[in-house]
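This report refers to the structure that appears directly beneath it.
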Amino acid sequence: DERIWRMPIMCACKRQTVEQQREQKRLDDIEALRKDCISDDGYREFRFKLDDQANPDISEICRRYVDTWEQNQKHGIGILFYGEVRTGKTFMACCVANALIDRMVPAHVTNFMAILETLKGFDNKLEYIAYLQNVPLLVIDDLGIERDTPYAMEKIQHVVDARSRSQRPIIFTTNLSLETLSNPETTEQKRIYGRVLRMC
């Protein structure tokens, strides 16, 4: 007794439509993640394709960091961009973040002033701190511009300590010199900057 089995086969045009829909959904998901992770519209536009290669060695390090992300994540390896203003530190840090987001890796970009403001208005502060601790990559822009108050220093140290304990990578940009970071003036700064230098 012979039986005939009919198997549905998607035609080429239908298959192309489905593939286009999947790709569009992927792109939409990436952009939704980017908006969640990077609140500044301008920072979302910072991509490697716009890099003018003013410092090719730094550009290469940043690209390699993205390419070896799994290893860097596993070992909690971060990057510290330091130096004078308007030298591209924030641009390169955001290039790394955006490149990882393109791979659907959450990379949250913020600064300590924004973190302190968020903590003031956030009902569940521990939930927010837990998010900052556990997001795969945290980018802190402009380390050192925050107010040097006991409350600010406590919260900054809390965030840095949390990332250090969980061995999750963090990227910092700062206008402070390496000399200043290595020789902080206060005990609080010593605790924070010491961990920064060890993590990056």
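Ignoring ligands, DNA and RNA, what percent of the 1.4 Å accessible area of the stretch 76-194 is carbon and sulfur?
Details: 2860 of 5700 Å².
Percent of accessible area from carbon and sulfur atoms in the stretch 76-194: 50.
Check the straight Cα-Cα distances from K125 and name the lysines below 28 Å, setting aside those fewer than 8 residues away within the same chain.
K35, K74, K155, K190
What size of dipole, in debye to the nearest 20, comes out for the stretch 154-200 about its Cα centre when the only charges are +1 on Lys and Arg C-beta atoms and -1 on Asp and Glu C-beta atoms?
Working: 8 positive and 5 negative charges, 61 e Å.
Roughly 300 debye, rounded to the nearest 20.
Sequence gap at least 6, Cα distance under 8 Å: using those rules, report the relative contact order of the stretch 128-200 to the nearest whole percent.
On the way: 72 pairs, mean separation 28.0, N = 73.
That works out to 38 percent.
Using the Cα centre of the stretch 84-168 as the reference point, and only Cβ charges (+1 on K/R, -1 on D/E), how large is the resulting charge dipole? Debye, rounded to the nearest 20. List each step's numbers first, then the result.
Details: 10 positive and 11 negative charges, 43 e Å.
Rounded to the nearest 20 debye, it is 200 debye.
I'd like to know how the stretch 1-56 sits against the 2.2 N^0.38 Å rule of thumb: what's its Cα Rg over that expected value? If you can, show how the numbers build up before the last one.
Details: Rg = 21.8 Å, N = 56, 2.2 N^0.38 = 10.2 Å.
This ratio for the stretch 1-56 stands at 2.14.
How high is the relative contact order of the chain? Use alpha-carbon pairs under 8 Å, at least six apart in sequence, and give a whole percent.
Numbers: 245 pairs, mean separation 49.5, N = 200.
After rounding, I find 25 percent.
When only DSSP loop residues count, what trypsin sites (Lys or Arg not before Pro) in the stretch 42-82 have their Cβ near at most 14 other Cβ atoms within 10 Å?
Working: sites: R44, R47, K49, R63, R64, K74; in loops: R47.
Counting only loop positions with at most 14 other Cβ atoms within 10 Å, the trypsin sites (Lys or Arg not before Pro) in the stretch 42-82 are R47.
Could you state the orientation-averaged shadow area of the convex hull built on the Cα atoms of the stretch 87-200, in nm² to one decimal?
Working: hull surface 28.5 nm².
Orientation-averaged projected area of the Cα hull: 7.1 nm².
Specify which residue in the list V139, L181, Q20 is farthest towards the positive end of the charge dipole of the chain, using unit charges on the beta carbon of Lys, Arg (+1) and Asp, Glu (-1), about the Cα centre.
Highest projection toward the positive end goes to Q20.
For the stretch 14-130, what is the Kirkwood estimate of the hydrodynamic radius, computed as the reciprocal of the mean inverse distance between distinct Cα atoms, to one decimal in Å?
Details: mean 1/r = 0.0615 Å⁻¹.
Computed over Cα pairs of the stretch 14-130, the Kirkwood hydrodynamic radius comes out at 16.2 Å.
Which of the GluC sites (Glu not before Pro) found in the stretch 56-162 are loop residues per DSSP with 12 or fewer other Cβ atoms within 10 Å of their Cβ?
E84
Take every Cα-Cα distance within the chain, group them into 10 Å bins from 0 onward, and report for each bin the whole-number percent of pairs it holds.
8, 31, 32, 14, 6, 5, 3, 1, 0, 0
In square nanometres and to one decimal, what's the mean projected area of the convex hull around the Cα atoms of the stretch 86-141?
Details: hull surface 16.8 nm².
For the stretch 86-141, the mean projected area of the Cα convex hull comes to 4.2 nm².
The values are calculated or read from the model by the stated rules, or taken from the named source; none is laboratory data. Remember, it's a predicted structure, so these values are computed and weren't measured experimentally. Virtual Cβ from ideal backbone geometry, glycine too; neighbours counted across all protein chains shown. Remember, those area values only see protein heavy atoms, side chains included, never the ligands or the DNA or RNA. Shrake-Rupley method; radii C 1.70, N 1.55, O 1.52, S 1.80 Å.
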